[in-house]
Amino acid sequence: MESMLETALSQFHGAADHLGLNDEHREYLTSFKTAFHTEFPVEMDDGKFRVYQGFRVHHNVARGPAKGGMRYASHVSMDEVKAMAMLMTWKCAVVNVPFGGAKGGVLVDPRNLSQNELQNLTRRFTSELEPIIGPDKDIPAPDMGTNPQVMAWIMDTYSMSHGYTVAGVVTGKPVALGGSAGRFEATGRGLLYVLQEHLRADGGVAGKTFAVQGFGNVGGVVSKQVQMAGGCITHLSDVDIAITSPTGIDVASAFNFVQSGGTLTGWNEQHGHHDVISHASILTAPVDVLIPAAVEGVLTEDNAGDVQARLILEAANGPTTTEADAIFLERGIEVIPDIVANAGGVTVSYFEWVQARQYIRWTEERVNEELRRLITTAYQGVAGRRTAARSKASLRDAANWVAIERVVEAMTLRGIYP
Ligand code: NAD
């Protein structure tokens, strides 16, 4: 199967061919400024220690400090982190926030650690990262398996070694520590704003049916947002269970249950009582819109031909392989790509960073208004760019053209320091 890095590189080269990018720019943009790998010990609750692997990659910083999530998962690798750092460069450029791309992670299943062990791991990893992170260098944020509490520990560890509070070193912090109003919902809300803009001339969100894969921070919030906008979630899954209801699943109730420490399986047993279906059938469900919001590489040449939705909104990073993309383009299935669709998280992270640097607080109304403005403008720019190209291109192609051009412009203006 195609790796996520192979997918990212193949998408880049496709866009670079269209733009006629020269060899130097291609070489520069397929290399990584920093690729940091560390193996570090963590003290466990039984007094023994275990060694973990951690990664942090900066792809390109021509447009500003590196920005990207930190994931704790049992499949993290250098290649995966590189691919996602590259995606972050394009995402920040397409939504036009002044950051370059980064990503990081630790190879660990956080569900197997106690809170104390999680804290020890985070603090030790942060101290290993000390030389390469900072509010003007690289600003981590939550991703799979991490959350505002983990960001608070990163901020505290970094601040302790500097002797003063450095709130701008991470985003996605708890609101009590300078986290932005609306940051937790930002990715899901941004997904809704993009969807609303895309469907403006096509009847809007209300009355449409949805299948959502993944019920975490992104999948849970986007499901709730879609339901509040009048959409009907008929198919839903997390890592343990997939359920369906022809009249719609009460995702607000299910998400509250999960947020309070329960599971989707537990909610369905106690409240939903919906039919349990296979995980694979979520992706090929008979719905108007499919939202992959879990992990990468789930839409492949093996299932793309069976997808029934006419629209795919990429909430996860990298859920579609290159082969699947080609099949969707051929079948006339529209894909709103990750680097536009899920850019709400990094957009509000940018607002949080601005607030931290200026020691001010924005209201949630202001955050949401600015988010809608930036992400809608980004979507319109991409859609307009495709129309102007007058060729059979996907929205992903157009998004990559816009992003790569902006990064190349910044690199060219800065020049190469001897
Ligand atoms: P999360 O850890 O909060 O949730 C992940 C969800 O996916 C969980 O419900 C889990 O049970 C489910 N899942 C895992 N494997 C699955 C599988 N094989 N089938 C079905 N469900 C599965 O993570 P998250 O923060 O919601 O991130 C999800 C995706 O969105 C990732 O690709 C991440 O990179 C991307 N993303 C996150 C943010 C953010 O702000 N958190 C922003 C942009 C993109």
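Summary table below
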| item | result |
| --- | --- |
| Segment 271-298: number of residues that are within 12 Å of the ligand (Cβ to nearest atom), of a type outside the set (Val, Ile, Thr) and at negative phi | 9 |
| Residue within segment 305-313 that is surrounded by fewer than 24 Cβ atoms within 10 Å (Cβ to Cβ) and either in a helix (DSSP H, G or I) or within 13 Å of the ligand (Cβ to nearest atom) (or both) present | yes |
| Members of segment 338-358 found to be over 23 Å from Gln196 (Cα atoms) and either touching a residue at least 12 places away in the same chain (Cβ under 8 Å) or surrounded by 24 or more Cβ atoms within 10 Å (Cβ to Cβ) (or both), listed by number | Glu352, Trp353, Gln355, Ala356, Arg357 |
| Residues located in segment 225-256, provided they are of a type in the set (A, V, I, L, M, F, W, C), more than 16 Å from the ligand (Cβ to nearest atom) and touching a His at 6+ places or on another chain (Cβ under 6 Å) | none |
| Subset tally (residues that are surrounded by 19 or more Cβ atoms within 10 Å (Cβ to Cβ) and either within 15 Å of the ligand (Cβ to nearest atom) or not in a helix (DSSP H, G or I) (or both)) for segment 155-177 | 4 |
| Selection within segment 372-400 - crowded, with 24+ Cβ neighbours inside 10 Å and of a type in the set (A, V, I, L, M, F, W, C) | Ile375, Ala378, Val382, Ala398, Ala399 |
| Residue in segment 322-330 that is in a strand (DSSP E or B), over 21 Å from Met88 (Cα atoms), more than 16 Å from the ligand (Cβ to nearest atom) and in contact with a strand residue (DSSP E or B) (Cβ under 9 Å, 6 or more places away or on another chain) present | no |
| Neighbours by Cβ (under 6 Å, 6+ apart or cross-chain): first from segment 80-94, without any contact (Cβ under 8 Å) to a residue 40 or more places away in the chain; second within 11 Å of the ligand (Cβ to nearest atom) and polar (S, T, N, Q) | none |
| Selection count where residues are surrounded by 17 or more Cβ atoms within 10 Å (Cβ to Cβ) and within 16 Å of the ligand (Cβ to nearest atom), scope segment 128-151 | 12 |
| Residue satisfying condition, being within 16 Å of the ligand (Cβ to nearest atom), touching a Phe, Trp or Tyr at 6+ places or on another chain (Cβ under 7 Å), not in a helix (DSSP H, G or I) and not aliphatic (A, V, I, L, M), within set Gly64, Gly69, Gly54, Gly105 | Gly105 |
| Pairs with Cβ under 8 Å, 6+ apart, first in segment 125-153 and over 27 Å from Gly318 (Cα atoms), second within 16 Å of the ligand (Cβ to nearest atom) and not hydrophobic (A, V, I, L, M, F, W, C) | Ala152/Lys173; Ala152/Pro174; Trp153/Thr122 |
| Residues of segment 108-127 satisfying the condition of being within 12 Å of the ligand (Cβ to nearest atom) and crowded, with 19+ Cβ neighbours inside 10 Å | Pro110 |
| Test: residue in segment 168-191 that is more than 21 Å from Asn116 (Cβ to Cβ) and of a type in the set (Asp, Glu) | yes |
| Phe40 being surrounded by fewer than 24 Cβ atoms within 10 Å (Cβ to Cβ), in contact (Cβ under 8 Å) with a residue 60 or more places away in the chain and touching an Asp or Glu at 6+ places or on another chain (Cβ under 6 Å) | yes |
| Extreme residue, nearest to the ligand (Cβ to nearest atom), among residues of segment 30-51 that are part of a loop (DSSP other than H, G, I, E, B) and not β-branched (Val, Ile, Thr) | Phe32 |
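Readers should treat all values here as calculations from the given coordinates under stated rules, not as data from a laboratory. Model, not experiment: these values are computed from the prediction. Every residue, glycine among them, receives a Cβ derived from its backbone with ideal geometry; neighbour counts consider all protein chains shown.
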